[in-house]
Each structure stands twice: as structure tokens, then as C-alpha cells.
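Visitor: My questions all concern the structure below.
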Amino acid sequence: MLFDSHTHFNNEDLTSLERQALFNTVDKAVRDGKMSGAVDIGFDLASSEMAAEHARTWPWCYAAVGCHPHDARTMDEEKLARIGQLAGEDKVVAIGEIGLDFYYDRSERDVQRHWFRRQIQLANELMMPITIHAREADQEVMDILKEEGAFSEDRKKHFGHAGVLLHCFSGSAELGVQYVKLGAYISVAGPVTYKNNKKTVAMAAAVPIERLLVETDAPYLTPVPFRGKRNTPLFVEYTARKIAEIKGLTFEETAAITRDNAMRFYGIGGQTDEGV
Ligand code: NI
């Protein structure tokens with residue numbers, strides 16, 4: 001059974017009809033025993049409100065709430081307080097996605113840094129896992145995570161790991177291994193299936209399977225063989241198949257292990273310890 005650790009039912013390009021159809025498709029996959037669930041990830045306040053609403057509606061849907069670096073310029077302390085409130089809901093399982101994106105630079109870098117730090121501080125206060133977006137900012141993301149105590153002993157004691165997830169990780173094998181040593185989890189998305197992406201294949205080979213999650217980041221980053229079409233949580237299957245191939249495991253084993261890792265990372269079903 002597959003679990004999509006990072007998706008966007010809250011994407012603003014979906015019409016409400018398209019969104020409903022998407023929910024129905026995943027709901028059917030859950031009832032057919034193909035999927036066990038997905039986490040709808042917020043990227044600003046409005047999308048975080050939506051994600052929380054989706055988690056209230058669908059038993060298999062969970063939410064993360066937070067502000068993406070692209071949207072950092074829309075943030076203020078009042079919105080942060082509301083994100084903190086949403087984070088208190090039962091099925092809101094993480095703060096995210098948060099981080100730095102120096103590729104698009106859609107918000108000024110200092111603004112990105114400020115709200116990245118503030119949201120790590122919020123996650124520490126509430127003792128919540130965090131989901132990280134990093135693009136062209138690998139070193140600085142690592143530095144800020146360390147400076148803000150994201151890998152603290154307190155967090156490790158609480159979660160049984162650091163409660164840090166590098167979403168759609170595009171860093172090197174060395175960096176992936178370094179993160180795992182710090183207690184983080186690594187999530188792999190559709191690009192691992194792209195023909196020329198040797199870097200992510202090497203990274204997935206180097207990181208222990210116990211620390212790997214799979215995700216879609218739907219509606220973006222559609223894996224092969226559906227590249228070019230709109231992505232859906234069901235296509236997490238193709239990323240899991242690629243991980244199975246890299247790790248020399250069966251697809252079923254890979255689906256089960258990555259799902260268990262996601263449960264453990266997000267603390268779903270009371271699983272917070274290693275080796276469940
Ligand atoms: Ni995302």
C-alpha cells in the first residue's frame with residue numbers, strides 16, 4: 001500500500017470539479033487497498049486552511065500547514081499565529097512546506113530567511129515535524145536548520161528522529177547521507193524516474209531505505225511514463241517502482257517500507273519510534 005507523503009490537493013490551478021474528481025480517485029484507490037493515504041501540503045495561509053479542511057473531510061488525508069519560500073512575502077505574524085492554530089488540529093501532522101528557493105527568488109532572500117526561521121521556531125514550540133523545500137540553497141538551508149535547533153536532542157527524544165523531512169530532495173548522495181546522520185528523512189519525487197537524473201538515483205542508493213519516503217508533489221513533477229500529463233497521488237507508484245529497482249527490493253516491499261517511514265515521520269497511527 002502506497003502513501004503519498006507530499007501532494008497538493010490545495011493547488012490553486014485545480015477547479016473545484018477537478019479537485020473533487022481527484023479526491024474520488026484517491027478515495028477509490030484507498031478503498032481498493034492500493035493506497036493508504038496522502039498529506040496535503042500548505043504553501044501559504046489560504047492553501048494551509050484548505051489542506052486542514054481536506055484533512056477534516058477525508059479519513060485518509062492529512063495536512064501540513066506553512067508558508068513556502070515563494071510566498072514568504074505574503075506572511076506576517078498574524079498569519080503565522082493562524083498557522084500555529086491550524087497546526088493544533090488532530091490531522092495536521094507537520095509544519096510545511098518551508099525553506100529557501102534561490103532558483104526562482106519569488107520572495108526576497110532576506111524575507112525567505114526570516115519566515116523560514118520563524119516557522120522552524122513555531123515547529124519547535126509546538127514540537128511538530130517540518131517539511132523542507134530547498135532549491136539552489138542547500139548549504140544555507142542546512143545552516144539555518146542547525147542554527148534554529150531543528151536537529152535538537154529535545155526533538156530527537158520526542159520523535160525518535162529529528163522530525164525533519166527534505167521534500168523532493170535534489171541534493172547529492174553525500175548531502176543526503178549527512179542529513180540522515182542528523183536524524184532527518186529524505187523524500188523522493190517523480191524526477192528520480194527521469195532518464196538523465198543520475199544524481200538522485202545515486203542519492204537514493206546511498207541513503208538507507210528506512211529513511212526514504214516517496215511523494216508526488218502533484219500536480220507537478222509527473223513521473224515517467226506519464227511525464228507531460230498532470231500528476232496525481234496515484235502516480236507515486238512509479239517513484240516507488242524506481243526506488244524498488246535502485247534498492248533491489250520488490251515493489252510491494254518498497255511500498256510498505258516507505259509507507260511505514262511516512263507514518264513514523266509524521267507520527268500517524270502513534271508510530272514515533274524507529275524500526276516499526
Ligand atoms: Ni510541494
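Visitor: If I go through the stretch 76-99 residue by residue, how many of them are surrounded by 15 or more Cβ atoms within 10 Å (Cβ to Cβ) and either farther than 18 Å from Asn10 by Cα or within 19 Å of the chain's Cα centre (by Cα) (or both)?
Guide: Total satisfying the criteria: 14.
Visitor: So which residues in the stretch 126-154 are basic (Lys, Arg) and under 18 Å from the mean Cα position of the chain (by Cα)?
Guide: Arg135
Visitor: Can you name the residue in the stretch 37-79 that is of a type in the set (A, V, I, L, M, F, W, C) and in a helix (DSSP H, G or I) and, of all such residues, is farthest from Lys91 (Cα to Cα)?
Guide: The qualifying residue farthest from Lys91 (Cα to Cα) is Ala72.
Visitor: Also, I was wondering about something else. Taking the criterion of being out of contact with any Asp or Glu (no Cβ under 8 Å at 6 or more places or on another chain), among the aromatic types (Phe, Trp, Tyr) and modelled with pLDDT of 95 or more, would at least one residue in the stretch 224-234 satisfy it?
Guide: Looking for residues that are out of contact with any Asp or Glu (no Cβ under 8 Å at 6 or more places or on another chain), among the aromatic types (Phe, Trp, Tyr) and modelled with pLDDT of 95 or more, one finds none in the stretch 224-234, hence no.
Visitor: Further question: Mind checking which residues of the stretch 223-253 are under 16 Å from the mean Cα position of the chain (by Cα) and open to solvent by less than 10 Å² (accessible area, probe 1.4 Å)?
Guide: Within the stretch 223-253, Asn231, Pro233, Val236, Thr239, Ala240 meet the criteria.
Visitor: Farther than 28 Å from Asp154 by Cα and either crowded, with 24+ Cβ neighbours inside 10 Å or over 19 Å from the mean Cα position of the chain (by Cα) (or both): does that describe Thr57?
Guide: yes
Visitor: Which condition breaks for Lys181 when tested against (1) within 30 Å of Leu122 (Cβ to Cβ); (2) charged (D, E, K, R); (3) in contact with a Gly (Cβ under 8 Å, 6 or more places away or on another chain)?
Guide: It fails just one condition, (3).
Visitor: Further question on the same structure: Among what's in the stretch 1-11 and is in a loop (DSSP other than H, G, I, E, B) and modelled with pLDDT of 95 or more, pick the residue that is surrounded by the most Cβ atoms within 10 Å (Cβ to Cβ).
Guide: Phe9
Visitor: Could you pull out the residue among Ala46, Ala38, Ala21, Ala64 that is surrounded by fewer than 21 Cβ atoms within 10 Å (Cβ to Cβ), of a type in the set (Gly, Ala, Ser) and within 16 Å of the ligand (Cβ to nearest atom)?
Guide: Ala46
Visitor: Taking Ala204 as meeting all but one of (1) open to solvent by 40 Å² or more (accessible area, probe 1.4 Å); (2) within 15 Å of Thr258 (Cβ to Cβ), write down the number of the exception.
Guide: Only one criterion is unmet by Ala204, namely (1).
Visitor: Next up: Are any residues in the stretch 118-135 within 16 Å of the ligand (Cβ to nearest atom) and either part of a loop (DSSP other than H, G, I, E, B) or touching a Lys or Arg at 6+ places or on another chain (Cβ under 8 Å) (or both), and if so, which ones?
Guide: Selection gives Pro129 alone.
The values are calculated or read from the model by the stated rules, or taken from the named source; none is laboratory data. Keep in mind it's a predicted model, so treat the numbers as computed, not measured. Neighbour counts are summed over all protein chains in view; Cβ atoms, including those assigned to glycine, are modelled from backbone coordinates with ideal geometry. Quick note on the areas: whole protein, heavy atoms, side chains included, nothing else; ligands and nucleic acids left out. Shrake-Rupley method; radii C 1.70, N 1.55, O 1.52, S 1.80 Å.
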